[in-house]
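J.: Could you have a look at this structure, given as structure tokens, before my questions?
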Amino acid sequence: MLSFIVGCNDGNKKNTPINVYELDWTITEPAADVDIFEGYFSKYVNIYGIHIFATTTTANIKINHAANVLAQYIDNDEDGTPDNQAVLDSLIKYHPSLVMFATENQAEQFFDDPSETAMEMFDNGQLIAQDLYGEETILPGTSNRFDASLEEIWHLVTNGYMMVYPDVFGDWAGTDIANNMDLARGGHFTSIPNNYPEAAWYHYDDWTCDYECMAIEYLYWCIVSHMGILNDFQTCNGIDNEWELCTPELFGSIDVSMYTILTDLQYKLPQLAPDGNYCPSEAITGDVNGDGVVNILDVVAAINIVLSGEYQVSVDLNEDGSVDILDVILIVLIIQGE
């Protein structure tokens, strides 16, 4: 055993993660049956069926952080179960792997001579992989640099949404994401234009990034804008050459169609920014006020939420996408023991 990932650090929740999916947070050496990289990586942890491989010199604390961010993208409401099981199931079919290196230089050395097994799987469409460097993985409160794990790990998870909802999240021309990207770029460009139209708010200029790559990057910018991750002066100024909608308010008011997609309950996309502190609590059905018991106070709380017109997933007991009197009735039935 090499290390153990520290779990919950939230006084309002339980002190250790709830292993509803029997998550093993121990960093170990990769077992032979999962080591498709043929011994190159000496550290391994599995989160919800998604593999994290890391080199010896990648700091355990960075691996810990990445594992927690990944868990928060998969289980964003932190109730101990994946938010979108279909997305996770689709990912798991393709040996999804986050490969971590201490530095970019170390990664370049690996990709110059990758393992034959991994390359064969990749070429045959049997492997989805994403790289991440320890030097760009920034723990909260340790630096004013942006934490790249938020982007790279999301790119890995995005593949699941593309497979389950191809017409919406596919990265090819004609999908909902692509059509909205064309609007954000001020036109349909298969390559980087010399100048983007003045009305464009997404003007990525990496010449190595093709149309599909641009769509993936666009979805990422939309997600982190919606979560409020970009909402500070330094970050906003640092990305304005590429993306202009750095606050949730700007994003929601300008990129309306994408906002509608991101908040559509059928996709169960993450809504909250990961902070690297995955802390699932064991939810009690009907416990609206979170006091650990289901009683008349929860009925009152649920009625107030119904009257307010707000939506809260914890109150939507019948999972029909709305909070109404039917959910209140279900709480009453729970209290009556029915």
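The values are calculated or read from the model by the stated rules, or taken from the named source; none is laboratory data. A quick note: this is a predicted structure, and the numbers were derived from the prediction, not measured. Here the Cβ is made from the backbone with ideal geometry for all residues, glycine too, and neighbour counts use every protein chain on show.
J.: Can you pull out every residue in the range 180-211 that is of a type outside the set (Lys, Arg), surrounded by 14 or more Cβ atoms within 10 Å (Cβ to Cβ) and either at positive phi or not in a loop (DSSP other than H, G, I, E, B) (or both)?
T.: Result: ASN180, MET181, ASP182, LEU183, ALA184, GLY186, TYR202, TYR211.
J.: Looking only at residues in the range 224-270 that are surrounded by fewer than 17 Cβ atoms within 10 Å (Cβ to Cβ), over 26 Å from GLY160 (Cα atoms) and of a type in the set (D, E, K, R), which one is farthest from the chain's Cα centre (by Cα)?
T.: Applying the filter and picking the extreme gives ASP240.
J.: Moving on to the next point. Considering only helices (runs of 4 or more DSSP H) fully contained in the range 228-338, which possess at least 3 residues that are among the hydrophobic types (A, V, I, L, M, F, W, C) and under 30 Å from GLU152 (Cα atoms)?
T.: The helices (runs of 4 or more DSSP H) meeting that bar are 233-239, 248-254, 256-262.
J.: Hey, another quick one. Taking the range 156-179 as the region of interest, how many residues are touching a helix residue (DSSP H, G or I) at 6+ places or on another chain (Cβ under 8 Å), buried (at least 18 other Cβ atoms within 10 Å of the Cβ), within 20 Å of ASP89 (Cβ to Cβ) and not hydrophobic (A, V, I, L, M, F, W, C)?
T.: Qualifying residue count, the range 156-179: 5.
Each row is one residue, and each column tells you yes or no for (1) basic (Lys, Arg); (2) in the same structural domain as GLU108 (by TED's automatic domain parsing); (3) over 16 Å from the mean Cα position of the chain (by Cα).
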site	(1), (2), (3)
ASN124	no, yes, yes
PRO140	no, yes, yes
TRP172	no, no, yes
ASP176	no, no, yes
MET181	no, no, yes
THR190	no, no, yes
MET214	no, no, yes
CYS222	no, no, no
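J.: Quick one: what pairs do we get from the range 178-204, first residue closer than 16 Å to ILE239 by Cα, second modelled with pLDDT of 95 or more and in a strand (DSSP E or B), C-beta under 7 Å, 6+ apart or different chains?
T.: From the range 178-204, the pairs are ALA184/TYR202; ARG185/TYR202; TYR202/TRP243.
So that you can scan it fast, the table gives a plain yes or no per residue for (1) modelled with pLDDT under 95; (2) surrounded by 21 or more Cβ atoms within 10 Å (Cβ to Cβ); (3) closer than 18 Å to VAL164 by Cβ:
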residue: ILE52; (1), (2), (3): no, yes, no
residue: THR57; (1), (2), (3): no, no, no
residue: ALA67; (1), (2), (3): no, yes, no
residue: TYR73; (1), (2), (3): no, yes, yes
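J.: Also, I was wondering about something else. Which residue pairs have Cβ atoms under 7 Å apart, sit 6 or more places apart or on different chains, and have a first residue in the range 285-311 that is among the charged types (D, E, K, R) and a second that is in a helix (DSSP H, G or I) and surrounded by 11 or more Cβ atoms within 10 Å (Cβ to Cβ)?
T.: Every condition considered, the pairs that remain are ASP287/ASP298; ASP298/ILE331.
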